[in-house]
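Structure record follows, encoded as structure tokens.
The values are calculated or read from the model by the stated rules, or taken from the named source; none is laboratory data. Note that the structure is predicted; figures quoted are calculated from it, not measured. Cβ placement follows ideal geometry from the backbone for every residue including glycine, while neighbour counts extend to all protein chains displayed.
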Amino acid sequence: MDKNLRWRAIAIIAVVAISIWGFYPPAEKIKLGLDLRGGVHLVLRVQTDDALRLDTETTMEQLREAVEAKGLVNVTFTGVDPTRFRVDGVPQEQDAAFREAAVEVETRFNRESGTAGSYGFVMKPNMAVQLREDAVEQALQTIERRVNELGVAEPVVARTGAAGDHILVQLPGVANPQRAKDIIRSTALLELKIVEDGPASTREQLLQSRGGVVPGNMEILPGISNTAAAGDRAETVYYLVRKVAVITGRDLRNAKPSLDEMNRPAVSFSLNADGARKFGKATGENVGRLLAIILDGRVQSAPVIETRIFDEGRISGTFTQQEVQDLSLVLRSGALPASLTYLEERTVGPSLGAESIRSGVTAALGGLLLVVIFLLLYYKLSGLNAIAAMVINLVVLLAMMSYFEAAMTLPGIAGFILTIGMGVDSNVLIFERIKEELAAQKTVKQAIAAGFDRVFLTILDTHVASLIAAAFLFQFGTGPIRGFATTLSIGLLSNVFTSVFVSRTLFELVLSRRRAATLSI
Amino acid sequence: MQIFTKPNFNFIRWRWHAIALSAVVIGAGLAYMVSRGGMPLGIDFTGGSVIILKFEQPVGEDAVRSALAAMPGEKVVQQFGAASAREILVRLPQTVEREEGGLLDRDVRTATEALRQANLGNFEVIGTDVVGPIIGAQLQRKGLMATLFSILGITVYIAFRFRFSFAAGAIVATFHDILVTLVFLTWFGYDLSLNVVAALLTITGYSVNDTIVIFDRVRENFRVMRRDSLEHIVNTSVNQTLGRTVITAGTTLLSVTALYLFGGEVLEAFAFTMIVGIISGTYSTVFIAAAIAIILSRQRDQARVPAPPAAEAPGGGGRKPNNRKNRSSQA
């Protein structure tokens, strides 16, 4: 055996050994995609406008306070859209005072002067971009924390979409998709606000003593009556509360399920140092009044402040046991900076996944078997060579998938089958060429050399063309198409190696042992 | 064993017949498609919901359909997989017009509730797909881009490796295959889904593969058969590679047929697309791609009659340096 040939044989054995080591045991090393394993695939959009609107409103309120501190009255403030608000009714003689009050706001908003005491304020574009970015990033982190608390193994939480405001969530093997979806999406915006009036059964009733107008620093919120049963959301009462919250979910240190004095499920929370200071001050000043505990804009309960409270509180209402558990979870993981909407939801039950694995594997093995039988019948002993190349190809493919941590999906199995087809095609090309060369009266050795040499460029061209297609599939494809493109690309690469290098070496190894006058092909 | 011993069919003579046949098939198919309001799209592209249910008792499609009668729009109810699996697939149209918070799966919940009321025995929801309008539009755009860009990429590659008229031939053949496949998908009532697009792109690659193998042989024969006409060279090349073309198509068909038979419901459309595409791809390689290449080459060479259309004299007057790479074994 010549030395070159020996090294090539050793290289092949090494590649095969490393590959087998790379994906053995396959149950651990080969990741399964959601379609085979079962699970939930979600795409959400972060409504970044929410975050902008919140900032614009907060700024507007700041300006209102500053303006009122300067003694200006009858100035009205109106929110226009998420990045814009308007100020009307600034008296001409107090214009300078107004501008002075607006100095701080103008570091973040551009002031547009209108006519006759009107001004428009527009959020600076770079700030809007930053706020949107922050909102998505914060939503991503919050979702990550929630998913981790759900105890899902190997979840995927990632940003996608051209605009960057989509979030992809994949939860393999989740048993109750609906609960996961609700937890991920719940805004969990907790606010504690002082009640000015209420509860009342209608909005009008609340405003009777105020001439039917909601004061600028207050708002009306719906709530659940204290007498409602667990799980009942129907009975609605209204509260007039102060707009500015005493504390919000950001001031929480921890939240956990507990029971209230009537033994109903409730959530106990504790506050961080800053929150405790604010809470202590507000409760101290408002003993005897009601404190509204508001979740996502809905008053859950409004207990009487009996004494000054510092760092602990309890949210009670008409919750079920499951709800208080989920509520504690989302409060611990923090509020979402903006609301989320679902754009795409796919769930695969474990039984459907198992079914897919079974049929996918059956199909792959069936295809493999048919091809093997054909190769043996048609190419006889040389068919063995092609089969060896094919098997090595699959072994390398599996190892590469495990190395790149590419998940095996159903379309991925289709990619496997196609790789088998492509691999056999390369061998067919070579073998047919060898036959032609043999027919042209060349010796076996010459025919094999010529066959491989002449077909090499063809194989290169066909594989590069397919790789180009696969690359675009990967670039523009989503989910299943990507899985397919990944397997196909890896298969194409390993196929060049096996059909050109491995097959040829096998032929030459056999020839080096005996000087064959004929070739079984 | 040998399928063909020294085949010598005159494929090129039949080129106009072949083009006419393809035109008729594609034309009729497109007319049928248009009469039905375009290619039926799956929920990946239109948006909508798919629910897969597993019943404890055998249940008829009609019973499920009537249980859902109250829901709006055109619904599809069909058996999913083998009858013994007692699985039913329900497809609901898009009703959520825009993003509406957590409402995306509203139809799934309504349908499931309606089925529970209908006394069809216990069932389990084993899978759901809900695609909203935004993602549907996005997937549509991406699918189209993936198709167009991969065809463009392959064209550029062939033009670079061979000559322009060959690239044109390959592209015409590729579009031919995609159209024929779409026509057959419509005829057999399959929807265009993401999986089918993946299969279509695979066919693109496959069809181009076939074409490249023949063109490669043409390129090689240009050197040894200088005195022959272009038609003769191309026809000889098609014949020389015929064995490979048929065997490869055959083996690939074997694996894809296995996929069609055993791959389960999810891969069925994928496998069907592949089967049609492979047959069409083999046909178009032999009849269409070579014919177009000849027709285009001839037009460009007319100015220089009677020079043989040899590779050394590129048709476009040297616009492309026809890539005469030496082969290692050319001695």
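Go through the range A:376-431 residue by residue and tally those that are among the polar types (S, T, N, Q), within 19 Å of A:G451 (Cα to Cα) and within 10 Å of chain B (Cβ to nearest Cβ).
Applying the first criterion (among the polar types (S, T, N, Q)) to the range A:376-431 yields A:382, A:385, A:393, A:402, A:409, A:419, A:426-427.
Going one step further and asking which of them are within 19 Å of A:G451 (Cα to Cα), we end up with A:382, A:385, A:426-427.
Those left that are additionally within 10 Å of chain B (Cβ to nearest Cβ): A:426-427.
Counting residues in the range A:376-431 that are among the polar types (S, T, N, Q), within 19 Å of A:G451 (Cα to Cα) and within 10 Å of chain B (Cβ to nearest Cβ) gives 2.
So, B:I203, is that one more than 9 Å from chain A (Cβ to nearest Cβ) and either modelled with pLDDT under 85 or in contact with a helix residue (DSSP H, G or I) (Cβ under 6 Å, 6 or more places away or on another chain) (or both) or not?
Values: more than 9 Å from chain A (Cβ to nearest Cβ): yes; either modelled with pLDDT under 85 or in contact with a helix residue (DSSP H, G or I) (Cβ under 6 Å, 6 or more places away or on another chain) (or both): yes.
For B:I203, the condition - more than 9 Å from chain A (Cβ to nearest Cβ) and either modelled with pLDDT under 85 or in contact with a helix residue (DSSP H, G or I) (Cβ under 6 Å, 6 or more places away or on another chain) (or both) - is met.
Residues checked against (1) crowded, with 16+ Cβ neighbours inside 10 Å; (2) touching a residue at least 12 places away in the same chain (Cβ under 8 Å); (3) touching a helix residue (DSSP H, G or I) at 6+ places or on another chain (Cβ under 6 Å); (4) within 14 Å of chain B (Cβ to nearest Cβ):
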residue	(1), (2), (3), (4)
A:L42	yes, yes, no, yes
A:Q47	yes, yes, no, yes
A:R53	yes, yes, no, no
A:A66	yes, yes, yes, no
A:G71	no, yes, no, no
A:N74	no, yes, no, no
A:T78	no, no, no, no
A:P82	yes, yes, yes, no
A:V87	yes, yes, no, no
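Can you tell me which of B:L115, B:L53, B:L41 is more than 14 Å from chain A (Cβ to nearest Cβ) and over 30 Å from A:V46 (Cβ atoms)? Walk me through it before giving the result.
Numbers: B:L53 fails: more than 14 Å from chain A (Cβ to nearest Cβ); B:L41 fails: over 30 Å from A:V46 (Cβ atoms).
Testing whether each residue is more than 14 Å from chain A (Cβ to nearest Cβ) and over 30 Å from A:V46 (Cβ atoms) leaves just B:L115.
Select the helices (runs of 4 or more DSSP H) contained entirely in the range A:416-521, then report the ones holding at least 3 residues which are on the phi > 0 side of the Ramachandran plot, among the acidic types (D, E) and under 52 Å from the mean Cα position of the chain (by Cα).
Details: elements: A:444-476, A:479-496, A:503-513.
No helices (runs of 4 or more DSSP H) qualify here.
Give just the number: which of (1) more than 8 Å from chain A (Cβ to nearest Cβ); (2) in contact (Cβ under 8 Å) with a residue 40 or more places away in the chain does B:G264 not satisfy?
(1)
Quick one: would you say B:F164 is more than 10 Å from chain A (Cβ to nearest Cβ) and within 14 Å of the chain's Cα centre (by Cα)?
Details: more than 10 Å from chain A (Cβ to nearest Cβ): yes; within 14 Å of the chain's Cα centre (by Cα): no.
No; evaluated as a whole, the condition is false for this residue.
Which condition number in (1) within 14 Å of chain A (Cβ to nearest Cβ); (2) surrounded by fewer than 19 Cβ atoms within 10 Å (Cβ to Cβ); (3) not hydrophobic (A, V, I, L, M, F, W, C) is the one that B:T147 fails?
(2)
Restricting the search to the range B:241-254, which residues are in a helix (DSSP H, G or I) and either more than 7 Å from every other protein chain (Cβ to nearest Cβ) or modelled with pLDDT under 85 (or both)? Give the steps one after another, and end with the answer.
At the first step, the residues of the range B:241-254 found to be in a helix (DSSP H, G or I) are B:242-254.
Passing the criteria: B:L242, B:T245, B:V246, B:A249, B:G250, B:L253.
Of all the residues that make up the range A:323-354, how many are surrounded by 23 or more Cβ atoms within 10 Å (Cβ to Cβ) and facing chain B (nearest Cβ under 7 Å)?
Total meeting the criteria: 7.
Within the range B:30-42, track down each residue that is under 19 Å from the mean Cα position of the chain (by Cα) and in contact (Cβ under 8 Å) with a residue 40 or more places away in the chain.
B:L30, B:Y32, B:M33, B:M39, B:P40, B:L41, B:G42
For the range A:146-200, how many residues are assigned to a strand (DSSP E or B) and of a type in the set (G, A, S)? Step through it out loud before you land on a result.
Our first condition is that a residue be assigned to a strand (DSSP E or B); within the range A:146-200, this holds for A:156-160, A:166-172, A:190-200.
From what is left, the residues that are of a type in the set (G, A, S) are A:158, A:198, A:200.
Final tally of qualifying residues: 3.
In the range A:334-361, which residues are farther than 22 Å from B:G48 by Cβ and hydroxyl-bearing (S, T, Y)?
A:S339, A:S351, A:S359
Residue-wise test of (1) in the same structural domain as A:A447 (by TED's automatic domain parsing); (2) surrounded by fewer than 22 Cβ atoms within 10 Å (Cβ to Cβ); (3) touching a strand residue (DSSP E or B) at 6+ places or on another chain (Cβ under 7 Å).
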site	(1), (2), (3)
A:F472	yes, no, no
A:F497	yes, yes, no
A:E508	yes, yes, no
A:L519	no, yes, no
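Residues in the range B:107-131 that are surrounded by fewer than 16 Cβ atoms within 10 Å (Cβ to Cβ) and either of a type in the set (D, E) or out of contact with any helix residue (DSSP H, G or I) (no Cβ under 6 Å at 6 or more places or on another chain) (or both): how many?
Final tally of qualifying residues: 8.
Is it the case that A:I373 is within 11 Å of chain B (Cβ to nearest Cβ) and within 25 Å of A:F501 (Cα to Cα)? Before you say what the answer is, go through the steps one by one.
Numbers: within 11 Å of chain B (Cβ to nearest Cβ): yes; within 25 Å of A:F501 (Cα to Cα): yes.
Considered against the rule, which asks whether it is within 11 Å of chain B (Cβ to nearest Cβ) and within 25 Å of A:F501 (Cα to Cα), A:I373 comes out as yes.
Of all residues in the range B:181-200 being within 11 Å of chain A (Cβ to nearest Cβ) and more than 9 Å from the chain's Cα centre (by Cα), which is nearest to B:L267 (Cα to Cα)?
Quick first cut of the range B:181-200, residues within 11 Å of chain A (Cβ to nearest Cβ) only: B:193-200.
With the extra rule that they be more than 9 Å from the chain's Cα centre (by Cα), the set shrinks to B:193-195.
Numbers: B:S193: 11, B:L194: 11, B:N195: 8 Å.
So, considering only residues that are within 11 Å of chain A (Cβ to nearest Cβ) and more than 9 Å from the chain's Cα centre (by Cα), the one nearest to B:L267 (Cα to Cα) is B:N195.
What is the one condition in (1) aliphatic (A, V, I, L, M); (2) crowded, with 24+ Cβ neighbours inside 10 Å; (3) farther than 30 Å from B:I135 by Cβ; (4) touching a Phe, Trp or Tyr at 6+ places or on another chain (Cβ under 6 Å) that B:A173 does not satisfy?
Condition (4) is where B:A173 drops out.
Can you tell me which condition B:E124 does not meet? The list is (1) at pLDDT below 85; (2) over 30 Å from the mean Cα position of the chain (by Cα); (3) not β-branched (V, I, T), and all the others hold.
B:E124 satisfies every listed condition except (1).
Scan (1) surrounded by 15 or more Cβ atoms within 10 Å (Cβ to Cβ); (2) of a type in the set (S, T, Y); (3) more than 22 Å from B:L185 (Cα to Cα) for the single condition B:T5 breaks and write down its number.
Checking B:T5 against (1) surrounded by 15 or more Cβ atoms within 10 Å (Cβ to Cβ); (2) of a type in the set (S, T, Y); (3) more than 22 Å from B:L185 (Cα to Cα), the one that fails is (1).
What number of residues within the range A:333-368 are of a type outside the set (S, T, Y) and either more than 30 Å from A:T187 (Cβ to Cβ) or touching a Phe, Trp or Tyr at 6+ places or on another chain (Cβ under 9 Å) (or both)?
So in the range A:333-368, the residues of a type outside the set (S, T, Y) come out as A:334-338, A:340, A:343-346, A:348-350, A:352-355, A:357-358, A:360-361, A:363-368.
Still in the list and also either more than 30 Å from A:T187 (Cβ to Cβ) or touching a Phe, Trp or Tyr at 6+ places or on another chain (Cβ under 9 Å) (or both): A:350, A:352-355, A:357-358, A:360-361, A:363-368.
So the answer is 15.
Filter the range A:167-192 down to the residues that are of a type in the set (A, V, I, L, M, F, W, C) and under 12 Å from the mean Cα position of the chain (by Cα), then identify the one that is modelled with the lowest pLDDT.
Kept after step one, since they are of a type in the set (A, V, I, L, M, F, W, C), are these residues of the range A:167-192: A:167-169, A:171, A:174-175, A:180, A:183-184, A:188-190, A:192.
Pick out the ones that are also under 12 Å from the mean Cα position of the chain (by Cα) and you get A:167-169, A:171, A:184.
Numbers: A:I167: 93, A:L168: 92, A:V169: 92, A:L171: 91, A:I184: 86.
In this case the residue turns out to be A:I184.
Tell me, which strands (runs of 3 or more DSSP E) wholly within the range A:285-347 include 1 or more residues that are polar (S, T, N, Q)?
Numbers: elements: A:291-295, A:298-301, A:312-316.
Because the criterion is at least 1 residues that are polar (S, T, N, Q), the strands (runs of 3 or more DSSP E) in the range A:285-347 that meet it are A:298-301, A:312-316.
Are any residues in the range A:254-288 of a type in the set (G, A, S) and surrounded by 14 or more Cβ atoms within 10 Å (Cβ to Cβ), and if so, which ones? First the steps, then the outcome.
So the first thing to find is which residues in the range A:254-288 are of a type in the set (G, A, S), and the list is A:255, A:258, A:266, A:268, A:270, A:273, A:275-276, A:280, A:282, A:284, A:288.
Matches in the range A:254-288: A:A255, A:S258, A:A266, A:S268, A:S270, A:G275, A:A276, A:G280, A:A282.
Would you confirm, using the coordinates I've provided, whether B:I178 is more than 29 Å from A:G173 (Cα to Cα), within 13 Å of chain A (Cβ to nearest Cβ) and at pLDDT 90 or above? Working first, answer last.
Details: more than 29 Å from A:G173 (Cα to Cα): yes; within 13 Å of chain A (Cβ to nearest Cβ): yes; at pLDDT 90 or above: yes.
Against the criterion (more than 29 Å from A:G173 (Cα to Cα), within 13 Å of chain A (Cβ to nearest Cβ) and at pLDDT 90 or above), B:I178 qualifies.
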